[in-house]
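The values are calculated or read from the model by the stated rules, or taken from the named source; none is laboratory data. Treat the numbers as computed from the prediction; the structure is a model and nothing was measured. Positions of Cβ are backbone-derived with ideal geometry, glycine not excepted, and every protein chain shown enters the neighbour counts.
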Amino acid sequence: MPRGSRGECGDDVDPMPFLTPSEKERIEAMNKPYDVKRSCWVQDEKEGFISGEIQSEQCDQVTVKTITNQTLTMKKDDIQQMNPPKFYQVSNMADMTFLNEASVLDNLRQRYVNMRICTYSGLFCVTVNPYRWLPIYGARVANMYKGKKRTEMPPHLFSILDIAYHDMLMERENQSMLITGESGAGKTENTKKVIQYFANIGGTGKQSSDGKGSLEDQIIQANPVLEAFGNAKTTRNNNSSRFGKFIRIHFGTTGKLAGADIESYLLEKSRVISQQAAERSYHIFYQILSNKKPELVESLLLVPNPKQYCWVSQGVTMVDNMDDGEELQVTDVAFDVLGFSPEEKIGVYKLTGGIMHFGNMKFKQKPREEQAEVDTTEVADKVTHLTGLNSGELQKGITRPQVKVGNEFVQKGQNMEQCQNSIGPLGKAIYDKMFKWLVVRINKTLDTKMQRQFFIGVLDIAGFEIFEFNSFEQLCINFTNEKLQQFFNHHMFVLEQEEYKKEGIEWVFIDFGLDLQACVDLLEKPMGIFSILEEQCVFPKATDATFKAALYDNHLGKSSNFLKPKGSKGKGPEAHFELVHYAGTVGYNITGWLEKNKDPLNETVVGLFQKSSLGLLALLFKEEEAPSMADPSCVQSLCADTL
């Protein structure tokens, strides 16, 4: 789905054709031939399933004539029953007579080709990304769903939201919703609609004490800032959230907004300094370089050409249907609405510009010495000008850092490769800490003095990812998904089955959470993948090869979820192992995982950051390092605490 709400269809277009089939469509569907004993679905390599008609049966074999005029003989168990025409584009798939895979997929497809992207599946609302704007999210449609029961209106996200709001007020209990799906499914856009809906329904219209905007405006304006600094183009999605977030929207006793707060996790730091060929780094870099604000580009000592900056030009630098200049203006206004001071705002811009310059630092080897020196002192001067440091001290800190030997500190000479490798972690650390500070600063604005009685929580998780090249970042994201899915399955279906018991329904208890346990154990248990990674990081002579060998020794042939890759067939970097996740089998490349997990920082340069004359940089490095999100215990606590 395209980014943001700008350019969305207005309220002058009739939304009903995008929500429910017309009477004419229903009549045409009812007139199609159907026989409950003969109409069926059969598997098809291209289409998934195609319709057919049973011609004959013999023992456990059936002969089927398909809609493509093929005559197939197969096992009776391999066909799936077809629902009567009255269930054509049914709103809730749980109502279907035959709830099988083919019927579910066909119903979703029939609705999707008519751009009816929302369908209920029991308690859940399934939304299929249309990759275009539809006139179903404006104020007119929102008003249509207010106060209506779910059965009174076609499926829609707004119905879920209105019911959650109503239940919160009537039952006097907090509500939460999970927005989940693979990367590119449209989670970010739906999360924005959720926030806008609750901000509008609970808004008071009162301006904030600093006159920057109403509370509902500030809640909505938090998103452009988080998107600018936390979203990027991937091969699957032009506006992919490269972090997860849990948003609590607080309400008072009467249902009026009383504030909000945001928790973030798993920001993809590596994207700051490297991107794959068809991807790009975080939007804010390209927004600044759009030259929409020439005075900003000039003050940051930049030239308006991303290709001039190594860390942000390893992939593409333009995104279709995204105007980086317009987005910069939106981001800049959002800072103002959120009450950022001029010093805070320029501090963020300076650090962002400083990171781009930092990536351009080059080093050269001194003749006949194991010692490097800075080859681009003018670049170092730009970095230090923006970050409030002394250029000579920074250059010395990188090339001759101090290390503790016994009780004394001595200078350690660094060669060219060591110097070059040391600046990447520093750039990532600045950006990571700045992003976390932005979340804290936004929360400060949204923390009102009004009484909070209830909240509605929205969990927008990072999408499950399967790319051609999957590295450490994808493993962390997919592990989080695995844990969350396990938690959700276990608690959701346990509660559902307890209801069956209360109603006296005969039922054999099923623990759906166990379906994912093998993969979770493979990752997080002692001598699991994360444990082996941590162990290898301690060994001084560990390499990618020793890490791979340890994985194979402990898991190949011993765990059905750990597989040897079948081979890349020349389609890019090889996978070193495959993991069978609940959502699919993913091949992972382990190159550089030891360094990514350790992510060592030059402590001498960190000490300079702590004394920076740029207040924001000094503040970011004032506190101790937070635990690395590579640590599986962090991901585990996320899964427990967030839900």
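Here is a check on your reading of the model: is residue 70 surrounded by fewer than 12 Cβ atoms within 10 Å (Cβ to Cβ) and at pLDDT below 95? Step through it out loud before you land on a result.
Details: surrounded by fewer than 12 Cβ atoms within 10 Å (Cβ to Cβ): no; at pLDDT below 95: yes.
Here the answer is no, as residue 70 does not meet what is asked.
Can you tell me which residue in the range 584-615 is farthest from the chain's Cα centre (by Cα), limited to those that are buried (at least 16 other Cβ atoms within 10 Å of the Cβ) and among the small types (Gly, Ala, Ser)?
The selected residue is 612.
Residues of the range 382-408 being of a type in the set (A, V, I, L, M, F, W, C), surrounded by fewer than 18 Cβ atoms within 10 Å (Cβ to Cβ) and touching a Ser or Thr at 6+ places or on another chain (Cβ under 9 Å), which ones? Please lay out each step first, then the result.
Within the range 382-408, the first condition is being of a type in the set (A, V, I, L, M, F, W, C), and the residues that meet it are 383, 386, 389, 394, 398, 403, 405.
Within this subset, residues satisfying the condition of being surrounded by fewer than 18 Cβ atoms within 10 Å (Cβ to Cβ) are 403, 405.
Selection gives 403 alone.
Go through the range 346-383 and count every residue that is more than 30 Å from residue 448 (Cα to Cα) and within 33 Å of the chain's Cα centre (by Cα). Full working, then the answer.
Taking the range 346-383 first, the residues more than 30 Å from residue 448 (Cα to Cα) are 353-383.
Among the residues that remain, those that are also within 33 Å of the chain's Cα centre (by Cα) are: 353-361, 383.
Total meeting the criteria: 10.
Residue by residue through the range 310-360, note down the ones that are in contact with an Asp or Glu (Cβ under 7 Å, 6 or more places away or on another chain), within 24 Å of residue 216 (Cα to Cα) and not hydrophobic (A, V, I, L, M, F, W, C).
Selection gives 339 alone.
Six or more apart or on different chains, Cβ atoms under 6 Å: show the pairs whose first residue is in the range 29-40 and within 16 Å of residue 54 (Cα to Cα) and part of a loop (DSSP other than H, G, I, E, B) and whose second is among the acidic types (Asp, Glu) and modelled with pLDDT of 90 or more.
Qualifying pairs under 6 Å: 38/53.
For residues that are within 22 Å of residue 99 (Cα to Cα) and either of a type in the set (Ser, Thr, Tyr) or in contact with a Leu (Cβ under 8 Å, 6 or more places away or on another chain) (or both), scanning just the range 49-67, find the one that is surrounded by the fewest Cβ atoms within 10 Å (Cβ to Cβ).
Filtering first and then ranking leaves 66.
What do you reckon, is residue 345 assigned to a helix (DSSP H, G or I), of a type outside the set (Asp, Glu) and buried (at least 18 other Cβ atoms within 10 Å of the Cβ)? Lay out the reasoning, then the answer.
Details: assigned to a helix (DSSP H, G or I): yes; of a type outside the set (Asp, Glu): yes; buried (at least 18 other Cβ atoms within 10 Å of the Cβ): no.
Taking the combined requirement at face value, the residue does not satisfy it.
Filter the range 309-345 down to residues that are in contact (Cβ under 8 Å) with a residue 24 or more places away in the chain and either farther than 23 Å from residue 236 by Cβ or over 25 Å from the mean Cα position of the chain (by Cα) (or both), then give me how many there are.
Qualifying residue count for the region: 19.
Going residue by residue through the range 178-187, is there one that turns out to be surrounded by 16 or more Cβ atoms within 10 Å (Cβ to Cβ), more than 19 Å from residue 117 (Cα to Cα), of a type in the set (Lys, Arg) and touching a residue at least 12 places away in the same chain (Cβ under 8 Å)?
no
Pick out the one residue from 355, 442 that is within 20 Å of residue 314 (Cα to Cα) and surrounded by 16 or more Cβ atoms within 10 Å (Cβ to Cβ). Walk me through it before giving the result.
On the way: 442 fails: within 20 Å of residue 314 (Cα to Cα).
Among 355, 442, only 355 is within 20 Å of residue 314 (Cα to Cα) and surrounded by 16 or more Cβ atoms within 10 Å (Cβ to Cβ).
Which condition breaks for residue 500 when tested against (1) crowded, with 17+ Cβ neighbours inside 10 Å; (2) of a type in the set (Ser, Thr, Tyr); (3) free of Cβ contacts under 8 Å to residues at least 24 places away in the same chain?
(1)
Considering only the range 49-79, state which residues are touching a helix residue (DSSP H, G or I) at 6+ places or on another chain (Cβ under 6 Å) and within 21 Å of residue 105 (Cα to Cα). Spell out how you get there, then give the answer.
Keep residues of the range 49-79 that are touching a helix residue (DSSP H, G or I) at 6+ places or on another chain (Cβ under 6 Å), which gives 49, 60, 62.
Matches in the range 49-79: 49 only.
Looking at the range 551-560, is at least one residue assigned to a loop (DSSP other than H, G, I, E, B), aliphatic (A, V, I, L, M), at pLDDT 85 or above and under 19 Å from residue 588 (Cα atoms)?
Residues of the range 551-560 assigned to a loop (DSSP other than H, G, I, E, B): 556-560.
Then drop every residue that is not aliphatic (A, V, I, L, M), which leaves 556.
Going one step further and asking which of them are at pLDDT 85 or above, we end up with 556.
Filter again for under 19 Å from residue 588 (Cα atoms), leaving 556.
Looking through the range 551-560, at least one residue is assigned to a loop (DSSP other than H, G, I, E, B), aliphatic (A, V, I, L, M), at pLDDT 85 or above and under 19 Å from residue 588 (Cα atoms).
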